[in-house]
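I'd like to ask you about the structure that follows.
The numbers here are math on the coordinates, done by the rules we state, and not lab data. As the structure is a computational prediction, the values presented were derived from the model and not from experiment. Note that we place each Cβ from the backbone using ideal geometry, even for glycine, and neighbour counts take in every protein chain shown.
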Amino acid sequence: SVRRRFRDFVDLSNLLNENYRGYFVPPRPHRSWYQGKFLMKPKFIEERRVLLERYLRALASHPTIRDSSELRVFLETAGKLSDCTEWSQLHGASPSLFEGTTKFFKQMIGKVASLILTHK
C-alpha cells in the first residue's frame with residue numbers, strides 16, 4: 001500500500017504518454033479544479049479514489065504498461081515519488097514521433113510489422 005496525491009497520478013500519466021508514445025495509454029481521470037479546491041468532501045474524495053483505482057487497474061491490465069518500470073516504481077516506492085532516484089531517471093528522453101507511429105501501428109495489428117519508407 002502506498003500513498004499518492006492526484007498530482008502523482010498526473011505525473012504518471014504524462015510520463016507514460018511520453019515514454020509509450022504510439023501505444024494506447026488508458027486516460028487518467030480528469031482533474032476537477034473547482035471540486036478539488038472547494039469541495040473536498042468525503043463523497044468527492046471517495047469518488048476520486050474509485051476512479052483512480054479503476055485507472056490503475058486499466059494500466060495493470062495493459063499488455064505493455066503492466067510490465068513497465070514506470071508503473072512498478074509508482075506502485076512500489078514508499079514515500080514521495082519526487083524523492084525517488086529511479087522515478088527521476090524515468091523522466092528521460094521520450095521516443096521520437098516516428099518510433100511512436102511505428103509502435104502504434106504494431107499495436108493496432110497485434111503483430112510485428114515492417115515499415116518501409118521511400119523517399120522520392
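Decide, for the range 42-84, between rounded, prolate and oblate: order the square roots of the alpha carbon gyration tensor eigenvalues as a ≥ b ≥ c, take rounded if a/c falls under 1.5, and otherwise choose prolate if a/b is larger than b/c, else oblate.
oblate
Residue by residue, what Karplus-based ³J(HN,Hα) values in Hz, rounded to whole numbers, does the range 21-32 have, using 6.51, -1.76 and 1.60 with θ = phi - 60° and x for Gly and Pro?
Values, residue by residue: 4, x, 9, 7, 9, x, x, 7, x, 6, 7, 9 Hz.
Here is a follow-up. If r is the Cβ-Cβ distance from R57 to S82 and R0 is 41 Å, what FRET efficiency results, to the nearest 0.05?
E(calc), rounded to 0.05, equals 0.95.
While we're on this one: Across the range 74-79, in residue order, what do the Karplus-derived ³J(HN,Hα) couplings come to in whole Hz, using 6.51 cos²θ - 1.76 cosθ + 1.60 with θ = phi - 60° and x for Gly and Pro?
The phi angles translate into 4, 7, 9, 6, 7, x Hz.
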